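Take a look at the structure below.
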Amino acid sequence: MIRVSVTGTGLSLALALLLTGCGQQSPSSGGVVRIGQVSPLTGPQSHLGKDNDNGARLAIDEMNAKGLTLGGVKVKFELVSEDDQADPKTGTIVAQKLVDAKVAGVIGHLNSGTTIPASKIYHDAGIPQVSPSATNPKYTQQGYKGAFRVMANDVQQGKTLGEYAVTKLGVKKIAIIDDRTAYGQGLADEFEKAAKAAGAAIVGREYTNDRSTDFRAILTSVKGKQPDLVFYGGMDTQGGPMAAQMRSLGIKARFLGGDGAQSQEFIKLAGAAAEGVVASSPGLPLDQMPGGRSFADRFNAKYGQIQIYAPYAYDAAMTLIDAMVKANSTDPAKYLPELAKTSRQGVSGPIAFDDKGDLKNGPITLYIVKGGKWHALETVGGTAAAAENK
Amino acid sequence: MIYISDRWQHWRRDPRVAWAVYIALAALLIVLPFVTDWALGRSWVRIAAFVLLYIMLALGLNIVVGYAGLLDLGYVAFFAVGAYFYALLASPHFGLHLPFWLLLPLGSAVTCICGVLLGAPTLRLRGDYLAIVTLGFGEIIRIFLNNLDAPVNITNGPQGVNLIDPIRVGDFSLAQTQSFLGFTFPAVYNYYYLFLLLTLAVVFVSLRLEDSRIGRAWVAIREDEVAAAAMGINTRNVKLLAFAMGASFGGVAGGLFAGFQGFVSPESFTIIESIMILCMVVLGGMGHIPGVILGAVLLVALPEALRYLGPLQQALFGRVLADPADLRLLVFGLALILVMLLRPSGLWPSTVRRRELAAGAGESGHA
Amino acid sequence: MDIFLQQLVNGIVLGAIYALVALGYTMVYGILGLINFAHGEVVMIGALVALAVIQLLIGSGMPLPGPLIAAVGLAAAIPVCMALGYAIERIAYRPLRQAPRLAALITAIGVSIVLQNAAMIVWGRQYHSFPALLPATPHHFAGATVNDLQLFIVALAALIMAGLLWLVHRTRLGRAMRATSQNPEVAGLMGVNVNTVISLTFVIGSALAAVAGIMVAAYYGVAHYFMGFMLGLKAFTAAVLGGIGNIAGAMLGGLLLGVIESFGAGYIGPLTGGFLGSHYQDVFAFLVLILVLVFRPSGLLGERVSDRT
């Protein structure tokens, strides 16, 4: 006798039902323009992924409220947001999915590890991609005409930080810690090169990983070397506790971080230890940007506190749409040349691309924590002309 | 339960019917990319290719966990070694561009040796101690891959290896759209067919192993190691062979993955991957090849299918009640629990197992 | 020398944290032979529930001393975790007691995923800062620094271990637990209500998870829906290192793991002349673990489970 499993049949039917809910997406018609957004929406970096999603969504909603007409058709933008779980395999599947859905452009991904393999798929399909936060230099070294980023890459930022530490903060002995991710390691290596070139001595190089919460062991090693400055290449969720643990161990050195540490979250997590911490962020301070303050207010009203990259995601979306407006078309083949020629003010800073797709001459601003808040210290780099443009 | 008559039994054992089924299955697998692309979109062809990769991995782990009963929580290490072996020798990283028909077998052999090396310290360990050590090895390999960029840059560290050569034979590259007999085959299709061929090879090897002396030795060790040793089975060699064979499948899958994706980084080889592959084996039906294949198909396809919870809610309720990104993994976890509660020996266990389980439950009664 | 002492202190405190989580873990492990992947998530939920209550209290503006607020948070988290542990056992593990062991493992993984994502939906994706409620006055001796909170955590772990040992070896319930872990059928024949004993074990383990959760969150000042994953893995490692089901073993395993990680991070660099660095600290910890298991295949203090073949 054969028993046909009811459970098995039931499960297969359920799966089939689910799949019928999908199927081929119809091409953007009737004025609906789909724009893709990819970031990790689940997992340990989901707070950053959702932040990107919110930033892009704010831009889309604002443009829809404006009501644009492109190529004689009234357009409505639709954000297709997908979760890539910070996993490169999933990233490529999601990229193909967006290509199938015939999106007109993609904002993403968040991590370099997923952005790079996905960029091949977007390139093959001719879809422009603007990443708000992928900083691995390799992304723009592949020769893809449609790959852009609106954030300075690690090389630029690390160099600025290294020089600033030695020349402006005047430190001679530096200890460097990084979290062994593509971002943290890339930033720390560039910082080390620049700091050495400026004449500082690197007294210690320690490492952690991006899941760790306890840094006392490596900090104790660092303490023994008696540095003037501790530089951390990594994110705020670890930088904050790290700064606090530094103080509790009695380490008096200054703490310097990159854009990963320059956030409200860092101050919350570091507590009293945040006072005096310096960190950099590509672009110009929100307050100095036209529309920057109101962006922050609008974002806070709708989505709460900005994590880190929401302004860049907002800029990525706006830049894509801006190029479409200039070309008066949502066809990637038509607006891609306009995208490459972008020169506009975003909320994070002036946006223009070099021939590789990197941000051209991006200024980098250094901030310091005073009285529990970030204050802009000074802006390095970037051309004055670009800042005064528009 | 639905009972079907004895005529079905007769029919089931008829070799002509078996052949007909195989031919139908073969035909289905051959046209699958075209049908899937047309019905669901090209991303699902890509998912199908990943399904095949994971079937290879699951069958490899099946040898270690299903046949030999060795709980391996670090299987992804072999996948990683295979992938990096291919990546380092067929990319601009060292400037070497060795051909895939050399690298895949070599990678498999290297991974095989790794399997033996990783298995050697675990021979005296049972159950969860073995699990922790294999988990440790999985992590150790990943950490080395992530950090061997200084003082000598071997693996390029967390930046990963990019621009890996696609799989090609001379001028015929799988990464380019090819035409044949009037049909166009985009890159994804080409890889799908290559993976299909190799998956069938892996299935074939698994089947032969299952029915061989080694296979029976593995089962003996799984059921009662002391008795097996008493029967004259060299438990040490047999266990090492299990690790070696399982690892070799992982190595092949790894090499294919590197060529397919064009980019490898240590982030792809986390503990969660090992755990997922284990879930595929157990959920499908440990030790039973069709079950393991089913487990792999479901656990790769389900999270992707759950992305459509948005449109599904739209269709059912007229609007989206809960953000699909929030629900996706939650529903996946619930599905795992539900399946194991309803079918504890797996969705498609071997009949032998099912009989054992029923006998065991009948004897000891319920707690 | 003072660096060495500080690293030792760091290691012991870190180890006490691991021990706190491992103690609850090993109780369940011993009695059911189940790798309870969901234990780390119960710790996480304990931390987040406590945080929610604490934020309420602080927000209400009542001038209460820090430790009292923390105690209230704990008092709120413990029942929630106990109920959660009971529910998990009844719904996900009890039906699978006769099933192959790996089936329960997969279910545990499923429960872990469900709890993580449920917590993500309820509490959001961001990292929550845990207020500094407990005193952390530093004490300096011989060049090393240790603060009150750290001392408290070590003392707490020792206390809990002592309490568990007393429970398991000196009470009727403990005897029932030991009997059930050795042979559930015979224990049942001897009049032990096996179901109740197993449920109670889970409940006690989950209560300990709540304590561990609040201490981890208070010590590091952070709580996040994904914090349970690594903690669970470390607890598993510590429990195995000490011997499955062995309570003293879990404490010893936890402390040892913490010290190994601490010394590994601090000294790999100098020991290998700069060839390897602190990024290999996990490798170091696992290598020591493997070495221990090669020489002591049942863990440092031996295991306390029935012979499952």
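Points worth noting:
- Count of residues meeting criterion [of a type in the set (Gly, Ala, Ser), within 11 Å of another protein chain (Cβ to nearest Cβ) and over 23 Å from B:Leu336 (Cβ atoms)] in region B:259-288: 2
- Conditions (1) within 14 Å of chain B (Cβ to nearest Cβ); (2) more than 17 Å from A:Ala125 (Cα to Cα); (3) touching a helix residue (DSSP H, G or I) at 6+ places or on another chain (Cβ under 6 Å); (4) buried (at least 22 other Cβ atoms within 10 Å of the Cβ); number of the one not met by A:Leu79: (4)
- For region A:92-111, a residue qualifies if it is at the interface with chain B (Cβ under 9 Å from one of its Cβ atoms) and either in contact (Cβ under 8 Å) with a residue 40 or more places away in the chain or of a type in the set (Phe, Trp, Tyr) (or both), and the qualifying residues are A:Val94, A:Ala95, A:Leu98, A:Asp100, A:Ala101, A:Asn111.
- Within region A:56-69, the set of residues being over 15 Å from A:Gly105 (Cβ atoms) and buried (at least 17 other Cβ atoms within 10 Å of the Cβ) comprises A:Leu58 only.
- Breaking point among (1) away from chain A (no Cβ under 14 Å); (2) aliphatic (A, V, I, L, M); (3) assigned to a helix (DSSP H, G or I), for C:Leu300: (3)
- Any chance B:Leu336 is in contact with a Gly (Cβ under 7 Å, 6 or more places away or on another chain), facing chain C (nearest Cβ under 8 Å) and touching a residue at least 40 places away in the same chain (Cβ under 8 Å): yes
- In region C:27-41, the residues that are closer than 19 Å to C:Met251 by Cβ, more than 10 Å from chain B (Cβ to nearest Cβ) and under 13 Å from the mean Cα position of the chain (by Cα): C:Met27, C:Val28, C:Asn36, C:His39, C:Gly40
- B:Val188 buried (at least 22 other Cβ atoms within 10 Å of the Cβ) and under 20 Å from B:Leu29 (Cβ atoms): yes
- Identity of the residue in region A:201-220, crowded, with 24+ Cβ neighbours inside 10 Å and not charged (D, E, K, R), that ends up nearest to B:Leu148 (Cα to Cα): A:Tyr207
- If you go through region A:174-199 and keep only what is surrounded by 24 or more Cβ atoms within 10 Å (Cβ to Cβ) and more than 12 Å from chain C (Cβ to nearest Cβ), you end up with A:Ile174, A:Ala182, A:Tyr183, A:Gly186, A:Leu187, A:Phe191, A:Ala195.
- Of all residues in region C:105-140, those satisfying the criterion of being farther than 30 Å from A:Asp53 by Cα, more than 8 Å from chain B (Cβ to nearest Cβ) and in contact (Cβ under 8 Å) with a residue 60 or more places away in the chain are C:Ala108, C:Ala132, C:Leu133, C:Leu134, C:Pro135.
- Residue count for region B:213-234 under the criterion of being in a helix (DSSP H, G or I) and within 14 Å of chain C (Cβ to nearest Cβ): the result is 10.
- Taking region A:300-390 and the strands (runs of 3 or more DSSP E) fully enclosed by it, the elements with 2 or more residues that are farther than 24 Å from A:Thr140 by Cβ and in contact (Cβ under 8 Å) with a residue 60 or more places away in the chain are at A:364-370, A:373-380.
- Residue within region C:255-272 that is over 27 Å from A:Pro241 (Cα atoms), touching a residue at least 60 places away in the same chain (Cβ under 8 Å) and either under 22 Å from the mean Cα position of the chain (by Cα) or more than 14 Å from chain A (Cβ to nearest Cβ) (or both) present: no
- Scanning region C:185-200 for residues that are under 16 Å from C:Glu89 (Cα atoms) and either within 14 Å of chain B (Cβ to nearest Cβ) or in contact (Cβ under 8 Å) with a residue 60 or more places away in the chain (or both) gives C:Asn193, C:Val194, C:Asn195, C:Thr196, C:Val197, C:Ile198, C:Ser199.
- Filter result for A:Thr114 (facing chain B (nearest Cβ under 9 Å), among the β-branched types (Val, Ile, Thr) and surrounded by 24 or more Cβ atoms within 10 Å (Cβ to Cβ)): yes
- Any helices (runs of 4 or more DSSP H) falling wholly within region B:1-98 and containing at least 2 residues that are under 26 Å from the mean Cα position of the chain (by Cα) and closer than 30 Å to B:Ala120 by Cβ: B:42-61, B:76-89
Each value in this text was obtained by applying a stated rule to the coordinates, not by laboratory testing. Given the structure is predicted, the values throughout are model-derived calculations rather than measurements. We place every Cβ from the backbone using ideal geometry, glycine too, and count neighbours over all the protein chains shown.
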